[in-house]
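All remarks here apply to the structure that follows.
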Amino acid sequence: MVALSGLNINREDFASTPVRAQIPRPVADNRGRRRLREADKDEIVRRYVAGEDARTVAEELGFAKSTVLRILRQRGVEVRPWGVRYR
């Protein structure tokens, strides 16, 4: 066990010290993605209805596939079953 009675700690030395040091926040890693605009939503719907699959649309426009599928559902587009190709 360590004896702490021999330490001379003055509370006044710590009165102005912040409790938590300011740690810089990490820069967001967007991985090439960008904000979704109405024009992007229209383009997603247009390309999907034209026959492209959600993965291809997502990759080419720079969005996640889940975002593309969410936009399609919000716009009332019937999403094709997973793994089925319509040509």
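Pairs please, first residue from the range 35-61 and in contact (Cβ under 8 Å) with a residue 24 or more places away in the chain, second anywhere and among the aliphatic types (A, V, I, L, M) and part of a helix (DSSP H, G or I), Cβ atoms under 6 Å, 6+ apart in sequence or on different chains.
What qualifies is Lys41/Ile71; Ile44/Val57; Ile44/Val68; Ile44/Ile71; Tyr48/Val57; Tyr48/Leu72; Ala54/Val68; Ala54/Leu69.
Within the range 42-57, how many residues are more than 15 Å from Trp82 (Cα to Cα) and surrounded by 17 or more Cβ atoms within 10 Å (Cβ to Cβ)?
The qualifying residues number 3.
Mind listing just one residue for me: the one in the range 58-87 that is loosely packed, with under 11 Cβ neighbours inside 10 Å and hydroxyl-bearing (Ser, Thr, Tyr) and, of those, modelled with the lowest pLDDT?
Among residues in the range 58-87 that are loosely packed, with under 11 Cβ neighbours inside 10 Å and hydroxyl-bearing (Ser, Thr, Tyr), the one modelled with the lowest pLDDT is Tyr86.
The values are calculated or read from the model by the stated rules, or taken from the named source; none is laboratory data. These figures come from a predicted structure and were not determined experimentally. A quick note on method: Cβ atoms are made from the backbone with ideal geometry, for glycine too, and the neighbour counts reach across all protein chains shown.
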